[in-house]
């Protein structure tokens, strides 16, 4: 796990982008696919903070200002796409509503911390490995596919794999 602190500018950009994404999605009648019992705007802020933290950790451009509906590919490291999954629960799991919902090359799990400006980047897993090793669960909002924090690669392992792919 790596804790990533977002600066004031990043937090301001997250708030602005979350408000715009919320307005666009609701105006387009696109329902949020949330699995948490929270307000949609809170979920948008959480997701954008997580995306910003992952981009910052890997030293790539943040996509927080991108418009449109989420494509499932939140951060790019070279030609490698990452779907950033965030949770309000510090012990939360990596979760997809279905196999088809996992569109990126890998997923990274990010949790909140006790500090509003700090995100905990837990780890990640390739799409292939997730689809081979996940388990089905119902966490109270319908069936989904999950892997626990102890079942995914530590973030250091994912960072090494991405670095190897980037420079080979």
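The values are calculated or read from the model by the stated rules, or taken from the named source; none is laboratory data. Predicted model, so just to flag it, every value in this text is computed and none were measured. Here Cβ is always computed from backbone atoms with ideal geometry, including for glycine, and neighbour counts include all displayed protein chains.
Between 123, 92, the distinction of being touching a helix residue (DSSP H, G or I) at 6+ places or on another chain (Cβ under 6 Å) and buried (at least 16 other Cβ atoms within 10 Å of the Cβ) belongs to 123 only.
Are any of the residues in region 72-82 closer than 25 Å to residue 133 by Cβ, modelled with pLDDT of 95 or more and touching a strand residue (DSSP E or B) at 6+ places or on another chain (Cβ under 6 Å)? Among the residues of region 72-82, at least one is closer than 25 Å to residue 133 by Cβ, modelled with pLDDT of 95 or more and touching a strand residue (DSSP E or B) at 6+ places or on another chain (Cβ under 6 Å), which makes the answer yes. Return the residue satisfying two criteria in turn: it lies in region 1-31 and is assigned to a loop (DSSP other than H, G, I, E, B) and closer than 23 Å to residue 121 by Cβ, and of such residues it is modelled with the lowest pLDDT. In this case the residue turns out to be 1. Among the residues of region 85-123, write down those that are within 21 Å of residue 138 (Cα to Cα) and in a strand (DSSP E or B). Answer for region 85-123, where residues must be within 21 Å of residue 138 (Cα to Cα) and in a strand (DSSP E or B): 85, 86, 87, 94, 95, 96, 107, 108, 109, 110, 111. Here is a check on your reading of the model: is residue 146 assigned to a strand (DSSP E or B), under 17 Å from the mean Cα position of the chain (by Cα) and either free of Cβ contacts under 8 Å to residues at least 40 places away in the same chain or more than 30 Å from residue 9 (Cβ to Cβ) (or both)? Yes: the conditions hold for residue 146.
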